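One structure is given here, and the rest of the page talks about it.
The values are calculated or read from the model by the stated rules, or taken from the named source; none is laboratory data. Note that the structure is a prediction, hence the values are computed from the model and not measured. Please note: Cβ atoms are built from the backbone with ideal geometry, for glycine as well, and neighbour counts cover all protein chains shown.
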Amino acid sequence: MSFTVAIVGRPNVGKSTLFNRLVGKKLALVDDTPGVTRDRRPGDAKLVDLKFRIIDTAGLEQSAPDSLQGRMWAQTEQAIDEADLSLFVIDAKAGLTPADETLAEMLRRRGKPVIVVANKSEARGSDGGFYDAFTLGLGEPCPISAEHGQGMLDLRDAIVAALGEERAFPPAEDVAETDVDIRPTGADEGDDEEAEPAYDETKPLRVAIVGRPNAGKSTLINRFLGEDRLLTGPEAGITRDSISVEWDWRGRAIKMFDTAGMRRKAKVQQKLEKLSVADALRAIRFAETVVIIFDATIPFEKQDLQIVDLVLREGRAAVLAFNKWDLVEDWQAVLADLREKTERLLPQARGIRAVPISGHTGYGLDRLMQAIIETDRVWNRRISTARLNRWLESQQVQHPPPAVSGRRLKLKYMTQVKARPPGFMISCTRPEAVPESYVRYLINGLRHDFDMPGVPIRIHFRTSDNPFESKARKRR
């Protein structure tokens, strides 16, 4: 992106609405409640012919540095320092407030270009607030309506005027032509059944961090990044939006999503918390690997197990992280207990990788990343049809399919139809009669014999087509 723009202003003036308008998606949570946004959220914006990076920030309220509002203020100041231009959003309908004047003074001291954006200018009686904005001394305000998309052309012209043509429209870089294979993965797998594609070590990896409130999700990501990128603190439920951050681990690109804490459904009553949980669910569906954070001091709460089950039902690769390990005293005894409970309480994810960590001290983070990579490797694995059919034959020899209504089931053919997660199809007689116990037997056999621990495995049964069925009906 050519330049970076930060959206700043006091709470509830429409910053997140403007952010969503510029990125063209409803990425940021929007609600009438002041102070919805807490972390700074980056995005790729497009405004007519301008393309730039944009940062949504928390509403600025002066408070003590150690308070939640004070930490939010610090996050916004970092966004202003990082940006090349600030969009100072005011509420034209409500008019200027002392907080607006304080923010204007802070932006003026920064010495960077600022555009005053008079939002909600479509409302009746907004003219007074618009003309009051001239008194801020930051130049002519730009009237817009972020909700209805009015004034976007004027905002585009103001950005170009503030930065200059050369900065707003940098020269295009020459891109060398390369031969790229755009065929979908597995397009040629039918040509050679024995070919099992190698795992791509260079592919960017999307990871979501989920768990109960106050389990240490944001602290863990900050430790990975080596900076206070996300808002943290002793208060439960600080994170509301699902914030993505990008970094490299041993040369591999990682895109990690911090999500809001997920409480039991019966306890989620407020609209804002429902929106936060829905945003976390979207992050799970978008991610490839999901790390479920457990509080090692109170692990395996009912909600923890429900979150793991949710991740597996969505088909994501799952890794358990027992956080706050620095607070555990008898490591050996606690670790043995956690291993026993993992095997007993999560039978649907037999062999799932579990790593003790401490987001506060950084203990175990390399082992956690290694577990994420190994789990993603299994999640992407493909097995040749020839190996699967040899395996299916041996499984039936060891444990033949049961007889249902006096007729024994016959499993004829097996192939892998998809990866991410691994999915298999078995051609058999009477697929609807295959008992669930035999399906579990096959899934556990796949895990053991092909080294596929901890990832969800799907097996679908179907009957083979009978080419003589139509002729038999005619004879009747």
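Would you say Y413 is over 18 Å from W379 (Cβ atoms) and in a helix (DSSP H, G or I)? No, not satisfied. Close Cβ contacts (under 7 Å, 6 or more residues apart or on different chains) running from residues in region 107-118 that are within 14 Å of L60 (Cβ to Cβ) to residues that are in a helix (DSSP H, G or I) comprise R110/I80; V114/L107.
Residues that are under 27 Å from V439 (Cα atoms) number at least 3 in the following strands (runs of 3 or more DSSP E) confined to region 287-367: 289-295, 317-323. Got at least one residue in region 91-106 being crowded, with 17+ Cβ neighbours inside 10 Å, among the hydroxyl-bearing types (S, T, Y) and in the same structural domain as G24 (by TED's automatic domain parsing)? Checking region 91-106: not a single residue is crowded, with 17+ Cβ neighbours inside 10 Å, among the hydroxyl-bearing types (S, T, Y) and in the same structural domain as G24 (by TED's automatic domain parsing). When region 319-344 is limited to residues that are loosely packed, with under 14 Cβ neighbours inside 10 Å and of a type in the set (A, V, I, L, M), the one that is nearest to L220 (Cα to Cα) turns out to be L327. The selection criterion, being in the same structural domain as R316 (by TED's automatic domain parsing) and surrounded by 17 or more Cβ atoms within 10 Å (Cβ to Cβ), holds for G364. Taking every residue in region 28-47 that is closer than 25 Å to V160 by Cα and modelled with pLDDT under 80 and pairing it with any residue that is buried (at least 22 other Cβ atoms within 10 Å of the Cβ) and acidic (D, E), at least 6 positions away or on another chain, yields no pair with a Cβ-Cβ distance below 7 Å. What single numbered condition from (1) within 17 Å of V5 (Cα to Cα); (2) among the basic types (K, R); (3) at pLDDT below 90 fails to hold for K112? With respect to (1) within 17 Å of V5 (Cα to Cα); (2) among the basic types (K, R); (3) at pLDDT below 90, K112 is out only on (3).
As for region 79-88, it holds no residue that is part of a helix (DSSP H, G or I), without any contact (Cβ under 8 Å) to a residue 60 or more places away in the chain and touching a Gly at 6+ places or on another chain (Cβ under 8 Å).
If we scan region 424-431, do we find a residue that is among the aromatic types (F, W, Y), at pLDDT 90 or above and not assigned by TED's automatic domain parsing to the domain that holds L335? Yes: one or more hits. When region 17-46 is filtered for residues that are basic (K, R) and either in the same structural domain as T232 (by TED's automatic domain parsing) or assigned to a loop (DSSP other than H, G, I, E, B) (or both), the ones remaining, listed by number, are K25, K26, R38, R40. Among the residues here, A74 qualifies as of a type in the set (A, V, I, L, M, F, W, C) and surrounded by fewer than 17 Cβ atoms within 10 Å (Cβ to Cβ). On inspection, D200 does not qualify as surrounded by fewer than 19 Cβ atoms within 10 Å (Cβ to Cβ) and either within 30 Å of G70 (Cβ to Cβ) or at pLDDT 90 or above (or both).
Kindly provide the set of residues from region 67-83 that are among the small types (G, A, S) and within 13 Å of D56 (Cβ to Cβ), ordered by number. If the condition is that a residue be among the small types (G, A, S) and within 13 Å of D56 (Cβ to Cβ), then A79, A83 are the ones that fit.
When the residues of region 431-445 are filtered to those that are in contact (Cβ under 8 Å) with a residue 24 or more places away in the chain and within 19 Å of E393 (Cβ to Cβ), the one that is surrounded by the most Cβ atoms within 10 Å (Cβ to Cβ) is L442.
For N12, the conditions (1) crowded, with 19+ Cβ neighbours inside 10 Å; (2) touching a residue at least 60 places away in the same chain (Cβ under 8 Å) all hold with the exception of (1). From the residues in region 100-124 that are β-branched (V, I, T) and either out of contact with any Pro (no Cβ under 6 Å at 6 or more places or on another chain) or in a helix (DSSP H, G or I) (or both), which one is nearest to Q78 (Cα to Cα)? Here the residue is V114. Only strands (runs of 3 or more DSSP E) whose full extent lies in region 194-270 are considered here, and the ones with at least 1 residues that are of a type in the set (S, T, Y) and under 13 Å from the mean Cα position of the chain (by Cα) are 243-249. Counting the residues of region 402-423 that are over 25 Å from P453 (Cβ atoms) and either of a type in the set (A, V, I, L, M) or touching a residue at least 12 places away in the same chain (Cβ under 8 Å) (or both) gives 9. With respect to the conditions (1) modelled with pLDDT of 90 or more; (2) more than 19 Å from A283 (Cβ to Cβ), N20 lacks only one, and its number is (2). Answer with yes or no whether D295 is surrounded by fewer than 24 Cβ atoms within 10 Å (Cβ to Cβ), acidic (D, E) and at pLDDT 90 or above. Here the answer is yes, as D295 does meet what is asked.
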